[in-house]
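S.K.: Below you will find the structure I want to go over with you.
The values are calculated or read from the model by the stated rules, or taken from the named source; none is laboratory data. The structure displayed is predicted, hence computed values, not measured ones. For neighbour counting, all protein chains shown are included, and Cβ atoms are generated from backbone atoms with ideal geometry for every residue, glycine included.
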Amino acid sequence: MKKTIIEARDVCFKYEGASTLAVDHVTLDIAEGDFVAILGRNGSGKSTFAKLLNALQLPTEGSVRVNGIIPANEDDCYEVRKSCGMVFQNPDNQIVTTIVEEDCAFGLENLGTPPQEIRARVDDALRSVGMSEFAQASPAMLSGGQKQRVAVAGVLAMRPRIIVFDESTAMLDPIGRRDVFALARRLNVEEGITIVWITHFMEEAALADRLVIMDGGRIALEGEPRSVFAQTDRVLELGLDVPEMMKLAQMLRARGIALPDDIMTVNEMAVELCRLK
Amino acid sequence: MPIEVKKLTHVYMPGTPFEARALNEVSLSIRDGEFIGIIGHTGSGKSTLISHLNGLEHSEPGTVFVNGVDLGGKGTDLIAIRRVVGLVFQYPEYQLFEETVARDVAFGPTNLGLDGEEIQRRVETALKQVGLNPAEVSEKSPFELSGGQKRRVAIAGVLAMQPAILILDEPAAGLDPAGRREMFELIRGIHDSGVTVVMVSHSMDDVGRLCNRLFVLNRGEIAYSGTPEEVFVHENKLHAIGLDVPECAKLARRLREAGFDIPEGIYRTEDVCAAIVGNLSGEGDAKC
Amino acid sequence: MLKNITLGQYFPGDSFIHRLDPRTKLLATVALIAIVFVAQGFSGFLLIAAFVLACAISTGIHLKFLVRGLKPIMFIIIFTFVLNLFFQTEGKELVHWGFIRITDQGLRMASFMAVRLILLVVSSQLLTLTTSPIALTDGLEALFRPLEVIHFPAHEIAMMMSIALRFIPTLMDEADKIMKAQKARGANFETGNLIQRAKAMVPLLVPLFVGAFRRAEDLALAMDARCYRGGAGRTRMKQLKFGTIDVIAAVVMALLLAGVIALNRLNLF
């Protein structure tokens, strides 16, 4: 049994002046080492939920326990942010300094880490995201995908147990997107870091261990990506999309071809169809 | 209003250490009423190319022609060209600036020197074209709208100039899946109303669904061009330059290699479905 | 492509002056300014000028960059010169023409002021040419930190400066994009009279400011997420360290001061 690292209990969040809850009684457990994707249309509350995970916002009702701490005061908030890092959507708006390696050091400097240790950890983090050769570069000269990797390194240097990616691939081109997703996947597998991956892209969500779909601040669907996407009509109704092969499978089933309802990839489809021939 | 590009080369900051060749002898032509897709990733030169098409970048004489007018020619009226070729940049909502939606959309037509009544008429038409209700949004501040609505207002701001050719750079970037679908429907509608559309995208899925002809740019050169079918045949080579063909095109190739009788280049979900049904049930002209 | 233009006027290099601690360079510049005012005769100025020139040559930076930096303030130099020339009425009369009266004292004072100004500008230019903006910010923060006792916001000011440096290329890029987008809507930034041109800037400036505020909010959130809570308890990866070369620099500055004072005493010319 894996340890639960995030425990959200009946969490609500209401923005000041808003009439409805942005997050509406969400209860969710995330196990340590999991790769969880959160999908949902714009305004479904997924980004707000993400900010509740690292105490950038505190629930108006209910509680979120992260790595054993329910933040009650400012110091707790910093403890939570230490164990739960966050990578944001816009690569330009989260890099603080004019030199890559200094940006990676930013979090550790805030924590008051001794200089030699910062040095060592920054070098490690940059190596880990493959940006060592850009240590002295100015962020303005990097591509979007490279900037996001720098942002990941900045978080990684703080040695978090969890990293939340809040639509971190939304503004990248396909190569940058693939790159950053692969990096998150590798950190998950090799370092055992729990990943919460918020996205609009179905093909990314399909590769997660677990998929949560939010709508109107609540959890609408939840489970293994395969079984969630198999509810094709429901997923489309929620303003989302399903992997192309699932759409095709549904069409083929409508034409009387007996296919299982959890085909997700081209490979699976090809194998299944060849068997039928 | 056809567009003709002849051996267009563009070098950024020539003669400095930052010299970069964004376009290298690119030639292409676009006919009236086409729906063109331009694909390539960041740095492939696609943004530079579309900036040339309405004279935002200075072209050498004899390289870019819109309706026969040489954009690099001496004394060419570029404002007149910009009324004919509308250009919607990436994340166009970041260019909104007026106090009300109506005034923002009116910015373009006002710059064209039209009279008040005509401007008013155009603003309403353009807002309707992007699926917004003029009575509802006209007097609102553009900054209080949702992200998707802002983008529609920005597109309306270009449509209000009533261009014969509309160029859109990644119009669906950053939208959620439903927002993407709506955006593409909207663009399809604009094309159906008789406007020539050029759409820049990273997504083969999107351009495959919408466009009748594609240009694939790589390192400032046109690597492949033709109908989607003709382009998707180069699956492996496209993959090598970091581009993907639609999933169904991949499946079609896999099945063809496995002995299925599937025509080359098909990529639409319905077509692939029909071909599979035909193979498995023996029906010759299956439909999906 | 605006982002490719180097910011400020920093010239990377590895000269003695480049390698000095930014605090040393800041203090030395202040000291040099003081020494310029200590000098009372041309012999002193000559020594300082020789020293500044030697420094400039040692950095390997082309002298034309230093001269170029003087251009914008040429007017002020000439203005000060003329002012001193005409309004200093003591001393032996050299020229008397109508109400204009130029004396030897006046000429001397006017030349002193002009030379002082030139030396001030050139030496502060040497500082910015040899120190990266970020090192400069770090140096300023370190020097002003003692003042935090009297609630001088040294850390906050340094943080603001470095964030500004970080975002200038981003915002320049954005300005370029917005300008193009508005041009595509028929905007005209190039022609018209002053008022028309100022009005034409509105479609550029409003989105630019809106964008800057949006970025500021995002950045504040990102800084919070990385546990930023002001300067208290913060460490730095790169520690500023005084080395042997900084001691040498201090000695050189002391020698320069001694030389200027000696020349003042000798009262040569």
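S.K.: Would you be able to say whether some residue in segment C:47-54 is closer than 14 Å to C:L127 by Cβ and within 16 Å of the chain's Cα centre (by Cα)? Reasoning before the result, please.
M.R.: If we filter segment C:47-54 for residues that are closer than 14 Å to C:L127 by Cβ, which is where we start, we get C:52.
Retained after the next criterion (residues that are within 16 Å of the chain's Cα centre (by Cα)): C:52.
Yes: one or more hits.
S.K.: Within segment C:220-269, how many residues are closer than 25 Å to A:R121 by Cα and either of a type in the set (K, R) or more than 28 Å from the chain's Cα centre (by Cα) (or both)? Outline the logic, then answer.
M.R.: Residues of segment C:220-269 closer than 25 Å to A:R121 by Cα: C:220-242.
Restricting the remaining residues to those that are either of a type in the set (K, R) or more than 28 Å from the chain's Cα centre (by Cα) (or both) gives C:220-229, C:232-234, C:236, C:238, C:241.
Residues meeting the conditions: 16.
S.K.: B:G40 versus (1) in contact with a Lys or Arg (Cβ under 8 Å, 6 or more places away or on another chain); (2) over 30 Å from B:E144 (Cα atoms); (3) surrounded by fewer than 17 Cβ atoms within 10 Å (Cβ to Cβ): which is the lone unmet condition?
M.R.: Of (1) in contact with a Lys or Arg (Cβ under 8 Å, 6 or more places away or on another chain); (2) over 30 Å from B:E144 (Cα atoms); (3) surrounded by fewer than 17 Cβ atoms within 10 Å (Cβ to Cβ), only one is false for B:G40: (3).
S.K.: With (1) modelled with pLDDT of 90 or more; (2) outside the structural domain of C:G91 (by TED's automatic domain parsing); (3) farther than 30 Å from B:I167 by Cα as the list, and C:I178 as the residue in question, which single condition is left unmet?
M.R.: Looking at each condition in turn, C:I178 falls short on (3).
S.K.: Here is a further query. Does segment C:231-245 contain at least one residue that is farther than 29 Å from A:N110 by Cα, more than 9 Å from chain B (Cβ to nearest Cβ) and in contact (Cβ under 8 Å) with a residue 24 or more places away in the chain?
M.R.: yes
S.K.: In the set B:I38, B:I50, which member is part of a strand (DSSP E or B), within 14 Å of another protein chain (Cβ to nearest Cβ) and either in contact with a strand residue (DSSP E or B) (Cβ under 7 Å, 6 or more places away or on another chain) or at pLDDT 95 or above (or both)? Before you say what the answer is, go through the steps one by one.
M.R.: Values: B:I50 fails: part of a strand (DSSP E or B).
So the residue among B:I38, B:I50 that is part of a strand (DSSP E or B), within 14 Å of another protein chain (Cβ to nearest Cβ) and either in contact with a strand residue (DSSP E or B) (Cβ under 7 Å, 6 or more places away or on another chain) or at pLDDT 95 or above (or both) is B:I38.
S.K.: Something else about it: Condition first: within 12 Å of A:T97 (Cα to Cα) and either away from chain C (no Cβ under 11 Å) or of a type in the set (S, T, Y) (or both). Now tell me which residues in segment A:136-156 satisfy that.
M.R.: Those that are within 12 Å of A:T97 (Cα to Cα) and either away from chain C (no Cβ under 11 Å) or of a type in the set (S, T, Y) (or both): A:A137, A:S138, A:V150.
Residues are listed down the side, and each one gets a yes or a no for (1) within 16 Å of B:E270 (Cα to Cα); (2) assigned to a helix (DSSP H, G or I); (3) in contact with a His (Cβ under 8 Å, 6 or more places away or on another chain); (4) within 7 Å of chain B (Cβ to nearest Cβ):
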{"site": "A:L221", "(1), (2), (3), (4)": "no, no, no, no"}
{"site": "A:D241", "(1), (2), (3), (4)": "no, no, no, yes"}
{"site": "A:M246", "(1), (2), (3), (4)": "yes, yes, no, no"}
{"site": "A:R253", "(1), (2), (3), (4)": "yes, yes, no, no"}
{"site": "A:G256", "(1), (2), (3), (4)": "yes, no, no, no"}
{"site": "A:D261", "(1), (2), (3), (4)": "no, no, no, no"}
{"site": "A:M264", "(1), (2), (3), (4)": "no, no, no, no"}
{"site": "A:A270", "(1), (2), (3), (4)": "no, yes, no, yes"}
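S.K.: For segment B:179-288, please list each of the strands (runs of 3 or more DSSP E) lying entirely inside it that holds at least 3 residues being within 26 Å of the chain's Cα centre (by Cα) and either under 16 Å from A:L273 (Cα atoms) or within 14 Å of chain A (Cβ to nearest Cβ) (or both).
M.R.: Working: elements: B:196-201, B:213-218, B:221-226.
In segment B:179-288, B:213-218 are the strands (runs of 3 or more DSSP E) which contain 3 or more residues that are within 26 Å of the chain's Cα centre (by Cα) and either under 16 Å from A:L273 (Cα atoms) or within 14 Å of chain A (Cβ to nearest Cβ) (or both).
S.K.: A follow-up question, please. I'd like the full set of residues that are within 14 Å of chain A (Cβ to nearest Cβ) and in contact with a helix residue (DSSP H, G or I) (Cβ under 8 Å, 6 or more places away or on another chain), limited to segment B:134-151.
M.R.: Applying the first criterion (within 14 Å of chain A (Cβ to nearest Cβ)) to segment B:134-151 yields B:144-151.
Correct list: B:L145, B:G147, B:G148, B:Q149, B:K150, B:R151.
S.K.: So, one more: Criterion first (in contact with an Asp or Glu (Cβ under 9 Å, 6 or more places away or on another chain), under 25 Å from C:P207 (Cβ atoms) and either crowded, with 16+ Cβ neighbours inside 10 Å or modelled with pLDDT under 95 (or both)) does B:V158 satisfy it?
M.R.: Details: in contact with an Asp or Glu (Cβ under 9 Å, 6 or more places away or on another chain): no; under 25 Å from C:P207 (Cβ atoms): yes; either crowded, with 16+ Cβ neighbours inside 10 Å or modelled with pLDDT under 95 (or both): yes.
Against the criterion (in contact with an Asp or Glu (Cβ under 9 Å, 6 or more places away or on another chain), under 25 Å from C:P207 (Cβ atoms) and either crowded, with 16+ Cβ neighbours inside 10 Å or modelled with pLDDT under 95 (or both)), B:V158 does not qualify.
S.K.: Can I ask one more? Can you go through B:L114, B:L78 and tell me which one is out of contact with any Phe, Trp or Tyr (no Cβ under 6 Å at 6 or more places or on another chain), at pLDDT below 95 and assigned by TED's automatic domain parsing to the domain that holds B:R181?
M.R.: On inspection, the qualifying residue turns out to be B:L78.
S.K.: Here's another thing I want to ask about it. Name every residue in segment A:84-134 that is of a type in the set (S, T, Y), more than 28 Å from A:E32 (Cα to Cα) and either surrounded by fewer than 23 Cβ atoms within 10 Å (Cβ to Cβ) or touching a His at 6+ places or on another chain (Cβ under 7 Å) (or both), in order of residue number.
M.R.: A:T97, A:S132
S.K.: Taking C:M113, is it more than 19 Å from C:P72 (Cα to Cα), touching a residue at least 24 places away in the same chain (Cβ under 8 Å) and assigned to a helix (DSSP H, G or I)?
M.R.: Details: more than 19 Å from C:P72 (Cα to Cα): no; touching a residue at least 24 places away in the same chain (Cβ under 8 Å): yes; assigned to a helix (DSSP H, G or I): yes.
For C:M113, the condition - more than 19 Å from C:P72 (Cα to Cα), touching a residue at least 24 places away in the same chain (Cβ under 8 Å) and assigned to a helix (DSSP H, G or I) - is not met.
S.K.: Only residues that are touching a residue at least 24 places away in the same chain (Cβ under 8 Å) and aliphatic (A, V, I, L, M): list them for segment C:84-110, please. Can you show your working first?
M.R.: At the first step, the residues of segment C:84-110 found to be touching a residue at least 24 places away in the same chain (Cβ under 8 Å) are C:84-85, C:109-110.
Selection gives C:L85, C:M109, C:A110.
S.K.: On to the next question. Just to be sure, is A:T199 buried (at least 18 other Cβ atoms within 10 Å of the Cβ) and in contact with a Gly (Cβ under 7 Å, 6 or more places away or on another chain)?
M.R.: Numbers: buried (at least 18 other Cβ atoms within 10 Å of the Cβ): yes; in contact with a Gly (Cβ under 7 Å, 6 or more places away or on another chain): no.
For A:T199, the condition - buried (at least 18 other Cβ atoms within 10 Å of the Cβ) and in contact with a Gly (Cβ under 7 Å, 6 or more places away or on another chain) - is not met.
S.K.: Another question, if that's okay. Which residues, taken from segment C:187-213, are surrounded by 13 or more Cβ atoms within 10 Å (Cβ to Cβ) and closer than 19 Å to B:L114 by Cβ?
M.R.: Within segment C:187-213, C:A187, C:N188, C:A200, C:P203 meet the criteria.
S.K.: Can you name the residue in segment A:61-76 that is without any contact (Cβ under 8 Å) to a residue 40 or more places away in the chain and out of contact with any Leu (no Cβ under 8 Å at 6 or more places or on another chain) and is also surrounded by the fewest Cβ atoms within 10 Å (Cβ to Cβ) among such residues?
M.R.: Here the answer is A:N73.
S.K.: So which residues in segment A:170-198 are modelled with pLDDT under 95 and either touching a strand residue (DSSP E or B) at 6+ places or on another chain (Cβ under 8 Å) or among the β-branched types (V, I, T) (or both)?
M.R.: Listed by number, the list holds a single entry, A:I175.
S.K.: Also: Identify, from the list B:S27, B:S59, the residue that is assigned to a loop (DSSP other than H, G, I, E, B), away from chain C (no Cβ under 14 Å) and over 15 Å from the mean Cα position of the chain (by Cα). Talk me through it step by step, then tell me what you get.
M.R.: On the way: B:S27 fails: assigned to a loop (DSSP other than H, G, I, E, B).
Every option except B:S59 fails the conditions.
S.K.: Out of segment B:95-115, which residues are surrounded by fewer than 17 Cβ atoms within 10 Å (Cβ to Cβ) and either within 7 Å of chain C (Cβ to nearest Cβ) or among the acidic types (D, E) (or both)?
M.R.: Result: B:E99, B:D115.
S.K.: While we're here: How many of the residues in segment A:145-180 are hydrophobic (A, V, I, L, M, F, W, C) and in a helix (DSSP H, G or I)? Before the answer, list the steps.
M.R.: Going through segment A:145-180, the residues hydrophobic (A, V, I, L, M, F, W, C) turn out to be A:150-153, A:155-158, A:162-165, A:170-172, A:175, A:180.
Still in the running and in a helix (DSSP H, G or I): A:150-153, A:155-156, A:175, A:180.
Of the residues in that region, 8 qualify.
S.K.: Related question: Which of the residues that make up segment A:44-102 are facing chain C (nearest Cβ under 10 Å) and of a type in the set (K, R)?
M.R.: A:K51, A:R81, A:K82
S.K.: Determine which member of the set A:D209, A:D179 is more than 30 Å from A:T20 (Cβ to Cβ), charged (D, E, K, R), touching a residue at least 40 places away in the same chain (Cβ under 8 Å) and out of contact with any Lys or Arg (no Cβ under 6 Å at 6 or more places or on another chain). Walk me through how you get there before you give the answer.
M.R.: Details: A:D179 fails: touching a residue at least 40 places away in the same chain (Cβ under 8 Å).
Testing whether each residue is more than 30 Å from A:T20 (Cβ to Cβ), charged (D, E, K, R), touching a residue at least 40 places away in the same chain (Cβ under 8 Å) and out of contact with any Lys or Arg (no Cβ under 6 Å at 6 or more places or on another chain) leaves just A:D209.
S.K.: Also, quick follow-up: Do you know which residues across segment C:124-155 are within 14 Å of chain A (Cβ to nearest Cβ) and of a type outside the set (A, V, I, L, M, F, W, C)?
M.R.: The answer is C:T131, C:S132, C:P133, C:T137, C:D138, C:E141, C:H155.
S.K.: Could you check C:F51 against (1) farther than 29 Å from C:F167 by Cα; (2) at pLDDT below 90 and say which number it fails?
M.R.: (2)
S.K.: Separate question: Is there a residue being closer than 23 Å to A:N267 by Cα and either crowded, with 21+ Cβ neighbours inside 10 Å or touching a Cys at 6+ places or on another chain (Cβ under 7 Å) (or both) anywhere in segment B:185-203?
M.R.: Of all residues in segment B:185-203, those closer than 23 Å to A:N267 by Cα come to B:203.
This time we only want the ones that are either crowded, with 21+ Cβ neighbours inside 10 Å or touching a Cys at 6+ places or on another chain (Cβ under 7 Å) (or both), so: none.
Among the residues of segment B:185-203, not one is closer than 23 Å to A:N267 by Cα and either crowded, with 21+ Cβ neighbours inside 10 Å or touching a Cys at 6+ places or on another chain (Cβ under 7 Å) (or both), which makes the answer no.
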